[in-house]
Amino acid sequence: MSLFDYSIKELEQKLHNKEITVTDLVNTSYQRIEEVDDQVQAFLTLDKEKAISTAKELDGSTVAENEHPLFGIPSGIKDNIVTKALRTTCGSQFLRNFDDPLYNATVVEKLNDAKAVTIGKLNMDEFAMGSSNENSSFTPTRNPWNTEYVPGGSSGGSAAAVAAGEVLFSLGSDTGGSIRQPAAFCGVVGLKPTYGRVSRFGLVAFASSLDQIGPITRNVEDNARVLEVISGHDKMDSTSANVDVPAYTEALTGDVKGLKIAVPKEYLAEGVSPDVKKSVMDALKVYESLGAEWEEVSLPHSKYAVATYYLLASSEASANLARFDGVRYGVRSENAENMLDMFKMSRSEGFGEEVKRRIMLGTYALSSGYYDAFYKKAQKVRTLIKNDFDKIFEEYDVIIGPTTPTPAFKIGEKVEDPLTMYANDILTIPVNLAGVPAISVPCGLSENGLPFGLQIIGKYFDERTVYRTAHAFEQATDHHAKRPQLGGAN
Amino acid sequence: MADISKDQVKHVANLARLAITDEEAEKFTNQLSSIIKYAEQLNELDTDGVEPTTHVLDLKNVLRKDEPKEWITQEDALKNAPDKKGDYFRVPSILE
């Protein structure tokens, strides 16, 4: 069998009918990893012994149908989400020996309660800072569609593992596009929930006012199912929202008749490649044929989003990463003779270049004399960007555009120039600044066979409409059914 | 806003508790200058009277009772430490 062949719902049925066992599923996952992961490099740590024993346990248990929505499903966790007693590195040398974390992130507890099986931990740009996975301090993950190309980032391992058929779903985190952009590049479905929808407890903080955990899957229904499991208020995260969690899967009606779609002209402007633009226009035609209406609108402050984001995210990061001091966990420099040097040298030896650059930028933006000019100014522009979205959502149900300006680029192509790399996130960043939910779904392939992503943005806490809109498109097209040619077994 | 100087970069590195070489300071000076120059486009916008957004949800004062509870043991807290002695984290001398 192949994990490519089934949705979570179909596997649930097969497990229930005893056509397959959880052990079969878990073995299939590890076999696929063995077959392709030396090419893809999606995994940093495997949890094989535990996964196999969990599978045996599940196979021996009797459960009522629907009691555990992810029963026996092989999954991967981005390596900035803390897993008890399972190495958690954040893609950083600083945490290369952080082998024994003390607790599970809330999302991991929720996956365990739903009886998902954790296969391993997934590669990422160091501390989630990057858009290509080239900032992983271990090894860059490669795009399963063409291993000379980047998978995107920072959740590159999470997207690649799903695209390569190694796991059924994964969790990623999205601060400026880190779920949606790799999902687009790897031809899979990735959702960033509304800020506050999912607990961040146990997510190693990058930029606390922007970070959200979300699912990456091969289809919209699986995605909705995983989000149902991980959503909800958590007393361990005071920024998680105390709002009801609707049944997202029940929103997948296929009906988008009368849906009002806004298409920001800024999202199809200069810098967006013609083939990406065409894939979005084709998608809009599909929506028209399904009875939805679309109109061009303006999000006038979009062009300021990248600058705003880099000031705010780096400022928050500079504070959050102060915890890495070489005292309680992580590496410590062998070369320091006093405490202050120990801090400095441990951090300098443990952090990669992009992480240092952002800590420097953030420290500068927060420093005396520059705080108002940079940090506070960016917070005010954030308000303007948020207001742009609020205004559009007074009249429209969703906003649609591309997820990224281009399909995946080659490994090494943009690594030297931080600003060019940052510009790659221009269409995903505004969503994090506003805090609204957004999904990326596959919407075609480029001439050289690399996937495009369609981004659907919704109102606060209206993931239901986002999923309904994405699902209707998916059902009307066959983009999501395409698979990368990798390892022969497709 | 002026360009960031190499001395400023070294000062910021010290504030951020990063040890950087002269060569790195040179590189960061160039890169941070171009990022900061790019960020200066925000000054095109008149933000007088605009409230800053620190947080998108309108959450205020999320409080809980300050009650002790079981969390982690001292042994657990120490087990990932690079260096420890008895019940303590051990660090190099603080005073010269």
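The values are calculated or read from the model by the stated rules, or taken from the named source; none is laboratory data. Computed from a predicted structure; not experimentally measured. Ideal geometry is used to build each Cβ from the backbone, glycine not excepted, and the neighbour counts take in all protein chains shown. To get the accessible areas, we keep the full protein, side chains included, count just its heavy atoms, and leave off ligands, DNA and RNA. Shrake-Rupley method; radii C 1.70, N 1.55, O 1.52, S 1.80 Å.
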- Just tell me how shielded A:351-361 is by partners: mean number of partner chain Cβ atoms within 10 Å of each residue's Cβ, no decimals. 4
- Item | Accessible surface, the range A:101-232, averaged per residue in Å² (probe 1.4 Å) | 13 Å²
- Which values of log₁₀ I(q)/I(0), to two decimal places, follow from the Debye formula for chain B at q = 0.11, 0.13 Å⁻¹ with a uniform point scatterer at every Cα? -0.80, -0.93
- Say the cut-off is 26 Å between C-alpha atoms; which of A:Lys235/B:Lys85; A:Lys78/A:Lys265; A:Lys56/A:Lys78; A:Lys278/A:Lys410; A:Lys344/B:Lys79 go over it? A:Lys235/B:Lys85; A:Lys78/A:Lys265
- Note on the structure: At the level of C-alpha centres, the distance separating the range A:26-62 and the range A:133-203, in angstrom, is 19 Å
- Task: Might you work out the accessible area of A:Ile33 for me, using a 1.4 Å probe with all protein chains in place, and round it to the nearest 10 Å²?
- Result: 10 Å²
- Message: For peptide A:411-419, what's the mean number of Cβ atoms from other chains within 10 Å of each residue's Cβ?
- Response: 1
- Could you work out the mean count of beta carbons from other protein chains within 10 Å of each residue's beta carbon in A:381-389? 4
- Task: Give me the accessible area buried between chains B and A, both sides summed, with a 1.4 Å probe, in Å² rounded to the nearest 100.
- Result: 5600 Å²
- Task: Using a 1.4 angstrom probe on heavy atoms only, work out the carbon and sulfur share of the accessible area of the protein assembly as shown in %.
- Result: 47 percent
- Leaving out ligands, DNA and RNA but keeping every protein chain, what accessible area does A:Phe351 have, in Å² rounded to the nearest 10, with a 1.4 Å probe? 10 Å²
- Query: What is the distance in Å between the Cα centres of the range A:69-98 and the range A:343-357?
  - Reply: 22 Å
- Task: Mind checking the range A:211-317 for GluC sites (Glu not before Pro) that DSSP puts in a loop (not H, G, I, E or B) and that have at most 10 other Cβ atoms within 10 Å?
- Result: A:Glu270
- So for the pair A:Lys50, A:Asp478, with labels modelled 7 Å out along Cα→Cβ, what separation do we get in nm? 4.1 nm
- Query: For the protein assembly as shown, what does the alpha-carbon gyration tensor say about shape, rounded, prolate or oblate, given a ≥ b ≥ c as the root eigenvalues, a/c under 1.5 as rounded, and a/b over b/c as prolate?
  - Reply: oblate
- Message: For a 29 Å ceiling on Cα separation, which of these pairs sit above it: A:Lys303/B:Lys27; A:Lys121/A:Lys414; A:Lys110/A:Lys482; A:Lys9/A:Lys386; A:Lys192/A:Lys260?
- Response: A:Lys110/A:Lys482; A:Lys9/A:Lys386
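I need the trypsin sites (Lys or Arg not before Pro) found in the range A:1-39, filtered to DSSP loop residues with at most 16 other beta carbons within 10 Å of theirs.
On the way: sites: A:Lys9, A:Lys14, A:Lys18, A:Arg32; in loops: A:Lys18.
Listed in order of number, the matching sites are A:Lys18.
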- Please go through the range B:11-60 and write out the trypsin sites (Lys or Arg not before Pro) that DSSP classes as loop and that have at most 10 other C-beta atoms within 10 Å. B:Lys60
- Message: Using only DSSP helix segments of four residues or longer, with each worth -39500 (n - 2.57), what per-residue ellipticity at 222 nm results for the protein assembly as shown after dividing by its residue count and rounding to 500?
- Response: -11000 deg cm²/dmol
